Amino acid sequence: MDQATLDRQYSPSSLVPSLDACLREYERLSAAARRDHPVRTALAYGPHPAELLDYFPGAGAGRPPLLVFVHGGNWQALGRAESAFAVPPLLAAGAAVAVVEYGLAPGVGLDAMAGMVRRAVDWLLRHADGLGFDARRLHLCGTSAGAQLAAMALLPGPSQGPDVSGRIAGAVLLSGMYDLEPVRLSYVNEALRLDEAGARRNSPLHLLPARLPRTVVARGGNETEEYVRQHERMVTALRSRGAVTEVVAERRDHFDLPYDLGVPGTGLGDAVLAQMGLEGTST
């Protein structure tokens, strides 16, 4: 495909009426989640100023499972302030939630971002008792660029950050990019500055181990052809490596798909709650 077509394929906002409206809604709903629910904000999980997370404790008795949410934004936008929008239904279902911030391009490279997400998972696991969640039931979720970073955390022997691959109970990958070579050739690479080796090194599709934890792989019905292709290739690769649940939410797009996290009666919500062992527990 020509350059303009490739760039459009890796610009999911080309399929929605207003990206600004989507981001304003993220921020509004995230502010409401922090207003309406107990939360511990700006917990430092590493030395970089961006290595912060917000932790929403589970509301029920006992130690709940934890969903760790890694935001999207083409590795160069968004943060904690816009990324708590999916918290309320997850809390209602009986989960605790951690919303992770990480450094962004061009100031931070992709290898370092992947290390930050691993460091966040490691920090949460080491502090599970104090935070009050079940360390055996940590589920890692990422959307768009965050799905690539979450998938990288499933790989053993990372070059940056601790190896957390064997300590993640399940993964949820939403509208992700898993082969970064076409991303490298698109406008997105103006900020990422990946060379061919860097794209390969950060392409989880080519690096998956023989076995993986249970994984939900989802996309919206309204996605570009390249996002659909990336999704399908990841689903195919995961089917031979462990339990995988595929979700295609026909009425959702790249930006509103995460709203279904934790919502019973939706394809994504049901799949995630089943994976976390929370079916039928919503309050």
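So here's what we get for this one:
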read-out	value
Label point distance in nm, SER240-LEU207, each placed 7 Å from Cα along Cα→Cβ	2.0
Karplus-derived HN-Hα couplings along region 274-279 (A = 6.51, B = -1.76, C = 1.60, θ = phi - 60°), whole Hz, x at Gly and Pro	5, 5, 8, x, 10, 4
Trypsin sites (Lys or Arg not before Pro) within region 60-162: DSSP coil, no more than 11 neighbouring Cβ in 10 Å	none
Shape of region 193-253, Cα gyration tensor, a/c cut at 1.5	oblate
Pairwise centroid distance, computed over Cα atoms, of region 104-147 with region 1-21, Å	28
Taking the chain and dividing mean pair separation by its residue count, relative contact order in percent (alpha carbons under 8 Å, at least six apart)	19
The chain, helix-only ellipticity at 222 nm - DSSP H runs n ≥ 4, -39,500 (n - 2.57), divided by all residues, nearest 500	-10000 deg cm²/dmol
Sequence-distant residues sharing a close amide H with VAL216 (under 5 Å, placed H)	ALA171, VAL172, LEU173, THR245
Shape category assigned to region 3-275 from the gyration tensor of Cα positions, a/c cut at 1.5	rounded
For region 1-107: relative contact order, % (alpha-carbon pairs under 8 angstrom, 6 or more apart)	31
Rounded to 5, percent antiparallel among DSSP beta bridges of region 3-275	20
Global geometry of region 153-271, whether rounded, prolate or oblate, following the gyration tensor of its Cα atoms and the 1.5 cut on a/c	oblate
Residues whose placed amide H lies under 5 Å from that of SER144, excluding near-sequence neighbours	LEU174, SER175, GLY176
Exposure proxy order (Cβ contacts within 10 Å, fewest to most) of THR215, THR245	THR245, THR215
Burial order of peptide ranges 138-149, 60-71 (average beta-carbon count within 10 Å, highest first)	138-149, 60-71
Residue order, fewest to most surrounding Cβ atoms within 10 angstrom, among SER83, SER18, SER30	SER18, SER30, SER83
Footprinting exposure proxy for SER159, SER186, SER11 (fewest neighbouring C-beta atoms within 10 Å first)	SER159, SER11, SER186
Karplus (6.51, -1.76, 1.60) ³J(HN,Hα), θ = phi - 60°, over region 253-259, in Hz, Gly and Pro reported as x	10, 4, 9, 9, 3, x, 4
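Computed from the coordinates by the stated procedures, all read-outs in this text should not be read as laboratory data. Everything numeric in this text was worked out from a predicted model, so none of it was measured. Don't worry about glycine lacking a Cβ; one is built from the backbone with ideal geometry, like all the others, and counts go over all protein chains shown.
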